[in-house]
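As structure tokens, the structure follows; a few thoughts come after it.
Where a number appears in this text, it was derived from the coordinates with a stated rule and is not lab data. Remember, it's a predicted structure, so these values are computed and weren't measured experimentally. Here the Cβ positions follow ideal geometry from the backbone for every residue, glycine too, while neighbour counts run over all protein chains shown.
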Amino acid sequence: MHPLLILALGMATVLGLIVVGRVHAFLALLAAALVVSLLAMGPTGEAVAAVAEAFGATAAGIGIVIAFAAVIGKAMTDSGAADRIVRSFTGAGGDRRAAPALAGSGAVLSIPVFFDTVFYLLVPLARSAARASQKHYLKFLLAVAGGAVVTHALVPPTPGPLVTAAELGVDLGTMMGVGLVIAIPCTVTVLAFAAWADRRMPLPLPDADDPEAAGIPEAEAPPAVLPGLMASLAPIVVPVVLITASTVATALGQEVGWLAALGNPNLALGLATVAALIVYVRQRRPSRAEVAASVEEALMSAGVIILITAAGGAFGAMLRASGVGDVLAALMGDGAGGFALLGLAFGTASLLKIAQGSSTVAMITTVGLISGAVAGVDLPFHAVYLATAIASGSLVGSWMNDSGFWIFAKMGGLSEVETLKTWTPLLAAVGVVAFATTVLLALVVPLV
């Protein structure tokens, strides 16, 4: 069977099961991997075994990192470390710089903590800032959400960029560094759009007389019971420094054994997990049972994400085995110079995001398609830019089939129409800016 027909049937399986059948993403991606494998290799035992092998390989590459990241996020939330970081940002910025401070807080916290947790944590501060100024509620709310979603899509160890980098063979330190650079103009875009939307469509605080009307607690812990800023930042700074240092040393040809070990993402995130748990234990003095319960809760949420990403990895591996990448490379021709792949990556991720709603699934599915085509093209830039192009596309098209859409609407107290007029175009603008920055960097700083 022709590889493009196999691709079409595989994509139809994913979208049909998720969109029409409302099947869980793990089952849909695994089913699609089996369909592609059986069509490419024939109805043999080897076809099924290949799916299981690819599933295991992906889980081995990203499973430990995702599990550690989930524990770090949970420990930072429970210890008050996340709250301390937010207060330090907002306190340093003052009332006049509340929006940049909130966006910066969201961007920093969303590196190790999942988007919904970050948004839940920061919404009370957005409401407090709006109450203090008696205006600009929408600006503060968009600043919080936009800042958080930028790094969630672009910077590991969140699952989407993590598995995208792994599938393209991009070093995690490189992905972190380039993702953070691209996040800067994206955050500026968030702030500009938030200010514009607030002037165009000012929204009052929802149910201002009832602080908990939207289900968001307004009570704040006194600063005395929160950990210090340096201790709070340690779980974020430690892995970034270790992984980046190892990447830089390797790039300069000065690889050091102990630095390579410490810079391994599994060990770096493991050390960050220890740091986060130490802060949690010292600050809250929980019993051993409470610590175990907190870790177990984090690992339960991580388990679902690991299954989804591993199934997506298996789907991508089967697409590569079917020869789809070679066909796409031949269709684009040598004259494309590799830049056509950036557009294909962005467009495919955008379409998948619009179709099924999940940015993570969009990234995982797209990288499975793109990684096969990379082998047939002599890229004039580093593969990290393909990863960020995919991440950029996964931001475009957030609407009612996206859980993030409803998190923003319900926690922020906005109607569906108000969310479509604010959240949806914000993410589209951020995605376009991220892609434009990706193309510019690929031209100016190709890293090859």
Over all pairs of different Cα atoms in segment 291-448, the reciprocal of the mean inverse distance gives a Kirkwood radius in Å of 16.9
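State which helices in the chain qualify, where a helix is a whole DSSP H run, it must extend 15 Å or more along its own axis by its Cα atoms, and its mean Kyte-Doolittle hydropathy must be at least 1.0.
Helices passing the filter in the chain: 3-15, 25-41, 45-79, 98-109, 137-154, 172-200, 229-251, 288-321, 339-356, 359-374, 416-444.
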Over segment 3-444, calculate the relative contact order: mean separation of alpha carbon pairs under 8 Å at least 6 apart, over the residue count, as a percent. 23
GNM result for the chain, Cα springs below 10 Å: residue of Ala261, Ala387, Ala33 fluctuating most strongly: Ala261
What label, among (1) 33, 31, 26; (2) 35, 25, 22; (3) 41, 33, 21, belongs to semi-axes √(5λ) of the Cα gyration tensor in Å computed from the structure on display? (2)
Of the candidates Val113, Val163, Val225, which one comes out as most mobile in a Gaussian network treatment of the chain with C-alpha springs shorter than 10 Å? Val225
Can you show me the helix-derived [θ] at 222 nm for the chain, built from DSSP H runs with n ≥ 4 at -39,500 (n - 2.57) apiece and divided by the number of residues, rounded to the nearest 500. -25500 deg cm²/dmol
At the level of C-alpha centres, the distance separating segment 140-172 and segment 46-76, in angstrom, is 17
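Can you tell me the order of 311-318, 166-173 when each peptide is scored by its average per-residue count of other Cβ atoms within 10 angstrom, highest first?
Ranked by mean Cβ neighbours within 10 Å, highest first: 311-318, 166-173.
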Given Cα positions, please report Rg to Rh for segment 97-193, the hydrodynamic radius being the Kirkwood one. 1.04
Given points 7 Å out from each Cα along the Cα-Cβ axis, report the Val237 to Ala49 separation in nanometres with one decimal. 5.1
Alpha-carbon centroid distance for the pair segment 337-364 / segment 5-25, whole angstrom: 15
